[in-house]
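Every read-out reported here was derived from the displayed coordinates using simple, explicitly stated rules and does not represent laboratory data. The model shown is predicted, which means the values in this text are computed figures rather than measured ones. Cβ: placed from backbone, ideal geometry, glycine included. Neighbour counts: every protein chain shown.
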Amino acid sequence: MSGMIRRFPPKRTHLVRIGGAYVASAIAGRRQRDLFAGVETYCMFIGYPRSGHSLVGSLLDAHPDMVIAHELDALGFVQNGFRRQQLYALIMNNSGEIAAKGREQTGYSYEIPNQWQGRFRDLKVIGDKRGVTSMARLQRRPQLLDTLQRVVRDPVRFVHVVRNPFDNISTMSKRRDFTPQQAADIYFGLSRTVASVKARVGDGHVIDVRHESVIADPKGALKEMCAFLGVTPSDDYLEDCASIVYASPHRSRHEAPWTPELIADVKRRMEPFAFLEGYGWDD
């Protein structure tokens with residue numbers, strides 16, 4: 001069942017947004033309930049700001065059988081009592097809006113030619129790319145994962161995008177006006193939350209996606225993600241997605257004021273996390 005994603009007017013303030021979205025999404029959800037009956041997987045992103053989430057979310061949203069919202073904060077709506085059909089209607093609405101705006105984020109265009117951003121063919125996977133806000137909610141209320149599963153009822157799969165910590169921390173520091181030490185503290189707090197999510201849901205429900213692997217081999221990385229989420233990638237989908245991926249990862253570590261002591265401290269703090277194995281300053 002294919003079609004364009006139906007959009008409804010967004011609300012601006014938080015309270016008006018929640019209240020208005022509740023009513024609008026309830027109406028839209030009822031209209032689209034037959035479409036949502038075909039959903040097989042709910043996709044949630046976990047991880048860190050400035051890690052490559054936006055790129056990966058845009059690549060997945062371009063698949064004809066997937067709709068991935070950008071920065072919707074789906075977990076926040078779940079926390080506020082939204083039901084499955086409402087949540088899915090909000091995700092569809094968000095994907096359509098972002099596609100209509102050209103999918104430009106932080107100076108990059110994530111618009112993929114010839115593919116399905118903002119529309120769908122056969123909706124099998126639905127989800128939201130909202131990394132850091134979702135992580136903050138899970139840090140405070142880990143039980144939200146159980147609530148999410150009860151609400152969506154579809155199997156939940158987690159996409160964990162990880163980037164070399166030295167580059168990730170450096171970019172966080174630059175973009176958020178933190179010192180590298182402050183950014184490192186935030187980063188490893190998020191790393192502990194990722195480890196907690198993995199322990200709670202099981203490693204088989206989480207895929208670790210290395211940003212550097214997506215850059216080096218976008219087709220291979222996408223094939224692996226699609227298999228994990230239960231959809232098949234066509235050759236033209238892989239080609240078009242690969243065409244927008246930049247040639248090499250940005251090594252922002254060389255643009256931040258790192259000290260030998262802080263480098264050593266970050267190396268030490270990386271050791272407990274298996275998903276950071278192999279990363280280092282000289283990679």
* Using only the Cα atoms, what convex hull volume per residue in Å³ does segment 38-172 have? -> 100
* Structure fact -> Distribution output for segment 191-278: share of Cα-Cα pairs per 5 Å bin in percent, first bin at 0, values 2, 11, 16, 17, 18, 16, 12, 6, 2, 0
* Asked: Volume per residue, Å³, of the convex hull around the alpha-carbon atoms of segment 3-276?
  -> 124
* Name the residue farthest towards the positive end of the dipole of the chain from the options LEU145, SER234, ALA247, assuming +1 on Cβ of Lys and Arg, -1 on Cβ of Asp and Glu, about the Cα centre. => LEU145
* Angle, helix 260-270 long axis vs. longest principal axis of the chain, Cα atoms, 0 to 90°, nearest 10? -> 50
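Taking the Cα centre as origin and putting +1 on Lys and Arg beta-carbons and -1 on Asp and Glu beta-carbons, what dipole magnitude results for the chain, to the nearest 20 debye?
Computed charge dipole of the chain: roughly 1420 debye.
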* Structure fact -> Taking Cα atoms, the helix 218-229 axis meets the longest principal axis of the chain at an angle in degrees (rounded to 10) of 60
* Asked: Considering amide H positions built from the backbone, and no H for Pro or chain starts, which residues 5 or more places from ARG210, or on another chain, come under 5 Å of its amide H?
  -> VAL162
* To do: Can you list which of the chymotrypsin sites (Phe, Trp or Tyr not before Pro) found in segment 174-283 are DSSP loop residues with at most 11 other C-beta atoms within 10 Å?
  => TYR246
* Structure fact -> Of all trypsin sites (Lys or Arg not before Pro) in segment 174-271, the ones in DSSP coil with at most 12 other Cβ atoms within 10 Å are ARG251
* Asked: Roughly what angle does helix 131-140 make with the longest principal axis of the chain, taking Cα atoms, 0 to 90 degrees, to the nearest 10?
  -> 90
* Structure fact -> If R0 = 30 Å, then LYS267 and ASN80, at their Cβ-Cβ distance, give a FRET efficiency to the nearest 0.05 of 0.15
* Structure fact -> The number of Lys pairs in segment 3-276 whose alpha carbons lie under 30 Å apart, excluding pairs fewer than 8 residues apart on one chain, is 21
* For the chain, built as a Gaussian network whose Cα springs stay under 10 Å, the top-fluctuating residue of SER58, SER248, SER191 -> SER248
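How much FRET efficiency would the formula 1/(1 + (r/R0)^6) give for ASP34 and PHE178, where r is the Cβ-Cβ distance and R0 is 45 Å, rounded to 0.05?
Working: r = 47 Å, r/R0 = 1.04.
That pair, ASP34 with PHE178, gives E of 0.45.
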* What are the chymotrypsin sites (Phe, Trp or Tyr not before Pro) within segment 94-175 that DSSP puts in a loop, where the Cβ has at most 13 other Cβ atoms within 10 Å? -> none
* Asked: Pulled fully out, how much extra length does the chain show between ASN114 and GLN143, if you take 0.36 nm times their separation in residues and subtract their Cα-Cα distance?
  -> 6.4 nm
